[in-house]
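S.K.: The following block contains the structure, expressed as structure tokens.
The values are calculated or read from the model by the stated rules, or taken from the named source; none is laboratory data. All of these numbers come straight from a predicted model, not from anything done at the bench. Cβ atoms come from the backbone with ideal geometry, glycine included; neighbour counts cover every protein chain shown. These area figures cover heavy atoms from the full protein model, side chains too; ligands, DNA and RNA do not enter into them. Shrake-Rupley method; radii C 1.70, N 1.55, O 1.52, S 1.80 Å.
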Amino acid sequence: MKIALNAWFIDQPTTGSGQYLSHLLDEYRARYSSHTFLLCGPQAAPPAPLANCCLWQQLRTPFDRLHPHMAKVWFEQVSFPHAARRWQADLLHVPYWASPLWTSCPTVVTIHDLIPLLLPEYGGGTLGRLYTRLVSASARRATHVLTDSQASRRDIITHLGIAASRVEAIWLAVDPHLRPVSDQAEIARVRQKYALPPRYLLYLGGFDVRKNVRGILHAFARLDPSGFRLVLAGKLPVQDTPFFPAPQRIAQELGIADRVRLIGRVDEKDKAALYSAAHVLVFPSHYEGFGLPPLEAIVCGTPVIVSNTSSLPEVVGKAGIAVPPHDTAALAEAMRRMIGDLEGYEKLKAACAPQAARFSWTRTADQTFAAYRHAVGLA
């Protein structure tokens, strides 16, 4: 097959869409090199050398120097489908929610989540709402829709009105370098680098309101002040706003600032040791299309506390505790159980490896390529 890929995010490895494309390409190079992939992006060249089965094409738009948002929309709706038609592609794959309305061949689109549609505060104003309407309409015209979880699949069927037969859930996976760390020298290095306390509960992620860090802090404030500390990892908000509430202010108001450690952004090479040294990851997000940090923790052998909403229960399985995200008392009780119930904690910890084994980028790529075959009528 000749497969055209929208590679807009190929040089943005810190974004979910960029990571998704990068891992798929790694697997395609290893497993599907008999096929040809045309990667289309706005850059003059890809950020790294491509495999022999991959070609690169820079696509320009009339808005490149005038308006970045219009340039992106033109790229998605005009430049990319035209390039695929000239190349006589058998299939288009857009690895994020932005498939073209009109194409000359079957189209697969990956919709990671419906956050802009389901959470109004993430809609992005008038232009953002118009863009969401555009990509919603284009998704309805796609041949096949992929998403990251059964929860997101249900959302897409319900809120976009797409037939269930055209929507498929394919789980993501984590970076292959993540694994349980038992090397005490490595643990000590990361402890020293981030000034980690001896025993800690961990949160790693963003600080927008959806992530429910406020709920974590309020629940932690109910615990016995002795013993465990709370470590909050991730880039802190530049300003304290209703959308990005500053965790340091909330901790100060609750009188727990001395029990909370804010370590900022974590280097990728340090994540495995950070997770492995943690007693538990706390991630009671209000909505996730998938939820990589809980899976990363489980892969490293660390149980998790998550919300009982959206995709998180299916990602966590038996390796964690799920609670309602708005129930501070339930979240605090889950923390107490993780700390005080040693037998229960060990059962959760033992469940981490079997749950982690259900996820791999090889499986993700195989299922995605099977979806390609289905879209073009080969399966």
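S.K.: Full extension from Arg337 to Ala48: what is 0.36 nm times the residue separation minus their Cα-Cα distance, to one decimal in nm?
M.R.: In short, 99.4 nm is gained.
S.K.: Over the chain, with every protein chain in place, what whole percent of the accessible area is carbon and sulfur at 1.4 Å, could you tell me?
M.R.: Answer for the chain is 54 percent, counting heavy atoms of protein chains only.
S.K.: Same structure again: Obtain the radius of gyration and the Kirkwood radius of the chain from its C-alpha atoms and give Rg over Rh.
M.R.: Using only Cα positions, Rg/Rh for the chain is 0.99.
S.K.: Once you sort the root eigenvalues of the Cα gyration tensor of the stretch 188-325 as a ≥ b ≥ c, which label holds: rounded (a/c under 1.5), prolate (a/b larger than b/c) or oblate (the other case)?
M.R.: Because its axes are fairly even, with a/c under 1.5, the stretch 188-325 counts as rounded.
S.K.: So which trypsin sites (Lys or Arg not before Pro) in the stretch 1-90 pass both tests, a DSSP loop state and at most 14 other Cβ atoms within 10 Å of the Cβ?
M.R.: Answer by residue number: Arg60, Arg65.
S.K.: Applying 1/(1 + (r/R0)^6) with R0 = 22 Å to the Cβ-Cβ distance of Ala329 and Leu254, what FRET efficiency is obtained, to the nearest 0.05?
M.R.: With R0 = 22 Å, the Cβ-Cβ based efficiency is 0.90.
S.K.: What FRET efficiency do you get for Lys2 and Leu134 if R0 is 22 Å and r is their Cβ-Cβ distance, rounded to the nearest 0.05?
M.R.: The value I calculate is 0.25.
S.K.: If you find the alpha carbon centre of the stretch 304-327 and of the stretch 117-150, how far apart are they in angstrom?
M.R.: What the calculation gives is 25 Å, centre to centre.
S.K.: With every protein chain left in place, what is the accessible area per residue of the chain in square angstrom, probe 1.4 Å?
M.R.: 44 Å²
S.K.: Report relative contact order for the chain in percent, whole number only (criteria: Cα-Cα under 8 Å, sequence separation at least 6).
M.R.: Reported as a whole number, the value is 14 percent.
S.K.: Please find, in a Gaussian network model of the chain (springs between Cα atoms separated by less than 10 Å), the residue of Ile216, Ile187, Ile321 whose mean-square fluctuation is greatest.
M.R.: Among Ile216, Ile187, Ile321, the largest GNM mean-square fluctuation belongs to Ile187.
S.K.: For the charge dipole of the chain, defined by +1 on Lys and Arg C-beta atoms and -1 on Asp and Glu C-beta atoms about the Cα centroid, which residue among Ala272, Trp97, His82 has the Cα displaced farthest towards the positive pole?
M.R.: Farthest along the dipole direction, towards plus: His82.
S.K.: To continue, here is another question. At a Förster radius of 22 Å, what calculated FRET efficiency corresponds to the Cβ-Cβ distance of Thr158 and Thr15, to the nearest 0.05?
M.R.: With R0 = 22 Å, the Cβ-Cβ based efficiency is 0.25.
S.K.: Write out the trypsin sites (Lys or Arg not before Pro) in the stretch 108-148 meeting two conditions: DSSP loop, and at most 12 other Cβ atoms within 10 Å of their Cβ.
M.R.: none
S.K.: Let me ask something else. Let me know the shape class of the stretch 262-359, please: from the alpha-carbon gyration tensor, a ≥ b ≥ c as square roots of the eigenvalues, rounded when a/c is under 1.5, otherwise prolate if a/b is greater than b/c, or oblate.
M.R.: The shape class here is rounded.
S.K.: For the pairs Lys269/Lys349; Lys211/Lys235; Lys235/Lys318; Lys193/Lys235; Lys235/Lys349; Lys211/Lys318, flag any whose C-alpha to C-alpha distance is greater than 18 Å.
M.R.: Checking Cα-Cα distances, Lys269/Lys349; Lys235/Lys318; Lys235/Lys349; Lys211/Lys318 exceed 18 Å.
S.K.: Contact order normalised by length for the stretch 211-258, with contacts defined as Cα pairs under 8 Å and 6 or more residues apart; what percent is it?
M.R.: About 44 percent, as a whole number.
S.K.: Rounded to a whole number, what is D in µm²/s for the stretch 137-184 from Stokes-Einstein with the Kirkwood radius over alpha-carbon pairs (20 °C, 1.002 mPa s)?
M.R.: Stokes-Einstein gives a translational diffusion coefficient of 170 µm²/s.
S.K.: Given charges of +1 on the Cβ of Lys and Arg and -1 on the Cβ of Asp and Glu, with all other atoms neutral, how large is the dipole of the chain about its Cα centre, in debye to the nearest 20?
M.R.: Charge dipole of the chain: 420 debye, to the nearest 20.
S.K.: Rank Ile305, Ile115, Ile156 by mean-square fluctuation in a GNM of the chain with C-alpha springs under 10 angstrom and give only the top-ranked residue.
M.R.: Ile115
S.K.: Sticking with this structure for a sec: Would you work out if the stretch 107-210 is rounded, prolate or oblate? Take a ≥ b ≥ c from the square roots of the eigenvalues of the alpha-carbon gyration tensor; rounded if a/c is under 1.5, else prolate when a/b is larger than b/c, oblate otherwise.
M.R.: Taking the square roots of the gyration eigenvalues as a ≥ b ≥ c, the stretch 107-210 is prolate.
S.K.: If you don't mind, another one. With springs only between Cα atoms under 10 Å apart, run a GNM on the chain and tell me which of Ala98, Ala272, Ala164 wobbles the most.
M.R.: So, out of Ala98, Ala272, Ala164, the one fluctuating most is Ala164.
S.K.: Related question: Would you be so kind as to identify which of Gly301, His112, Leu230 lies farthest towards the positive end of the dipole of the chain, taking Lys and Arg as +1 and Asp and Glu as -1 on Cβ and the Cα centre as origin?
M.R.: Most positive-ward Cα: His112.
S.K.: Please work out how much length the chain gains when fully extended from His177 to Trp87, using 0.36 nm per residue of separation minus the C-alpha to C-alpha distance, in nm with one decimal.
M.R.: The span from His177 to Trp87 would gain 28.8 nm if fully extended.
S.K.: Give the distance, in whole Å, between the Cα centre of the stretch 1-76 and the Cα centre of the stretch 234-270.
M.R.: 34 Å
S.K.: When the helix-only estimate is applied to the chain (DSSP H runs of n ≥ 4, each -39,500 (n - 2.57), divided by the residue count), what is the mean residue ellipticity at 222 nm, nearest 500 deg cm²/dmol?
M.R.: Computed mean residue ellipticity for the chain: -11500 deg cm²/dmol.
S.K.: Under the 0.36 nm per residue contour assumption, what length would be gained going from the current alpha-carbon distance of His286 and Leu236 to full extension?
M.R.: 16.1 nm
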